[in-house]
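Undergrad: Handing you a structure now.
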Amino acid sequence: MNDLRDRLHELADGYAHTTSPPGPAAARRRGRWRRRRTVGGLVGAGLLVTASSVGLLPALKGLQTARPVAPTPAPAPVQLPRSTAWFQATYLPGGLRLVSQSEQSAIRYGPFSRVAQSFRLVKGDGEFTVSVHPDLQRLDVARELRTYPTVRVVPIRGHQGLLFPRRPDNHDSGLIWEERPGLVMQVLGSQGVADQLLLDVAAGLRIVDTPAAKVAITVGPRPPGWIRVGQGTRWPTMGENLMVLPRSHQQAFNQGRGGTTAKLVVTETRGQYGPLRSSDKPNRIPVTRREAVTVHGYPALLDHDPVNHFLEVTWHEPGGIELVVHAEEELGRRQLLAIAEGLQQP
């Protein structure tokens, strides 16, 4: 309205100018009109610049050079146990005490290894089995050395290998090495076989590749008195179902002496990664009751077998350690979990 009024006054002044000179009021009105026109022009120019810049942003983004894709992070290193010592019980109810302990090879459930060869003394005790490890493709000697309490590094066929020596509490001695990438060999001994025999057998092996992408193993000369034991024989060997790695440590507890039945057994197996193996155990009694619990803050499986009257809890600790606490039913669920919670590495 002010602009319209000023324009009307300007027209009237122009018309009056033809008849008489303009007065001071006309000059003031023309000044106000010029100032408003200048301010309006500045505001319009600012709006135009803003709109242009907004419109150009998508185009500018399209001209930017694509950022390089960040490299894929390296996989996290495999955790190691906090200690090479086995777990120990810090809580034992009802006068339970340790009566025996042993180290043993892990049992592989499933078919026998086709390339395994087992040998037994004709007279006396003693067995050994030569085989390809069914699961390992590479052998990390340094990691295994920092994992197991009793392992030793030994030279085997020009490679660094691992020896789990014969010991009073070691049911199965073992020798393992990486013959070449993708082929991990093992020699497993039991019933008092000397460590040197395992080393001699490994040194005399002849290992060749076959057209079927398999390996053929020939066991070299061995001391007299040893015979090869085939599958389906009257006394089959357990060596074809055992692995040098992973290994287990078992502790038995009761209130009496070593000759009585164990009321509590703690089994620690190292090198176990992935889901809990308890769910894969064969020949499970169908009526076994299972529930999910936690031990040391980790998921665990608690099984109750009312037919065989036992309780068992299984869980994993960091570093690929699987712990199983197995107890007679009379011990009770609460006591079993308290024992499990009390297991600690020294």
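Undergrad: Please go through segment 221-243 and give me each residue that is assigned to a loop (DSSP other than H, G, I, E, B), open to solvent by 100 Å² or more (accessible area, probe 1.4 Å) and modelled with pLDDT of 75 or more, ordered by number.
TA: PRO221, PRO224
Undergrad: Among the listed residues GLY110, GLY161, GLY94, identify the single one that is in contact with a helix residue (DSSP H, G or I) (Cβ under 9 Å, 6 or more places away or on another chain) and at pLDDT 95 or above.
TA: Answer to the check: GLY161.
Undergrad: Give segment 300-346 a look and list any residue that's in contact with a helix residue (DSSP H, G or I) (Cβ under 8 Å, 6 or more places away or on another chain) and small (Gly, Ala, Ser), or say none.
TA: Of everything in segment 300-346, those that are in contact with a helix residue (DSSP H, G or I) (Cβ under 8 Å, 6 or more places away or on another chain) and small (Gly, Ala, Ser) turn out to be ALA300, ALA327.
Undergrad: Answer with yes or no whether LEU188 is in a helix (DSSP H, G or I) and under 19 Å from GLN117 (Cβ atoms).
TA: So LEU188 does not fit the description; no.
Undergrad: For the condition among the hydroxyl-bearing types (Ser, Thr, Tyr), part of a strand (DSSP E or B), farther than 30 Å from THR218 by Cβ and touching a Gly at 6+ places or on another chain (Cβ under 8 Å), what is the one hit in SER100, SER105, SER131?
TA: The conditions single out SER100.
Undergrad: Next question. Scan segment 165-185 residue by residue and report those that are in contact with a helix residue (DSSP H, G or I) (Cβ under 9 Å, 6 or more places away or on another chain) and assigned to a strand (DSSP E or B).
TA: Across segment 165-185, the qualifying residues are ASP172, SER173, GLY174, LEU175, ILE176, TRP177, GLU178, MET185.
Undergrad: Which numbered condition trips up GLY124, out of (1) open to solvent by less than 20 Å² (accessible area, probe 1.4 Å); (2) within 27 Å of THR237 (Cα to Cα)?
TA: Failing condition for GLY124: (1).
Undergrad: Condition first: touching a residue at least 40 places away in the same chain (Cβ under 8 Å) and either among the acidic types (Asp, Glu) or in contact with a Cys (Cβ under 7 Å, 6 or more places away or on another chain) (or both). Can you find one or more residues in segment 173-182 that meet it?
TA: Yes, segment 173-182 has at least one match.
Undergrad: Related question: Just wondering, is there one or more residues in segment 309-331 that are open to solvent by 40 Å² or more (accessible area, probe 1.4 Å), farther than 17 Å from ASN254 by Cβ and of a type in the set (Val, Ile, Thr)?
TA: Within segment 309-331, none of the residues are open to solvent by 40 Å² or more (accessible area, probe 1.4 Å), farther than 17 Å from ASN254 by Cβ and of a type in the set (Val, Ile, Thr).
Undergrad: For GLN272, indicate whether it is out of contact with any strand residue (DSSP E or B) (no Cβ under 7 Å at 6 or more places or on another chain) and modelled with pLDDT under 95.
TA: Spelling it out, it is not the case that GLN272 is out of contact with any strand residue (DSSP E or B) (no Cβ under 7 Å at 6 or more places or on another chain) and modelled with pLDDT under 95.
Undergrad: SER278 fails exactly one of the following numbered conditions: (1) modelled with pLDDT of 90 or more; (2) outside any loop (DSSP other than H, G, I, E, B). What is the number of that condition?
TA: Checking SER278 against (1) modelled with pLDDT of 90 or more; (2) outside any loop (DSSP other than H, G, I, E, B), the one that fails is (1).
Undergrad: For segment 143-162, which residues satisfy the criterion of being open to solvent by less than 50 Å² (accessible area, probe 1.4 Å) and outside any loop (DSSP other than H, G, I, E, B)?
TA: Hits for segment 143-162 are GLU144, VAL154, ILE156, GLY161, LEU162.
This table checks each residue for (1) closer than 16 Å to MET243 by Cβ; (2) within 25 Å of the chain's Cα centre (by Cα); (3) among the hydrophobic types (A, V, I, L, M, F, W, C).
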residue: SER100; (1), (2), (3): no, no, no
residue: GLN104; (1), (2), (3): yes, yes, no
residue: ALA116; (1), (2), (3): yes, no, yes
residue: ASP125; (1), (2), (3): no, no, no
residue: VAL141; (1), (2), (3): no, yes, yes
residue: ILE156; (1), (2), (3): no, no, yes
residue: ASN170; (1), (2), (3): yes, no, no
residue: ILE176; (1), (2), (3): yes, yes, yes
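The values are calculated or read from the model by the stated rules, or taken from the named source; none is laboratory data. These figures come from a predicted structure and were not determined experimentally. A quick note on method: Cβ atoms are made from the backbone with ideal geometry, for glycine too, and the neighbour counts reach across all protein chains shown. In case anyone asks, the SASA skips ligands and DNA or RNA and just uses the protein heavy atoms, side chains included. Shrake-Rupley method; radii C 1.70, N 1.55, O 1.52, S 1.80 Å.
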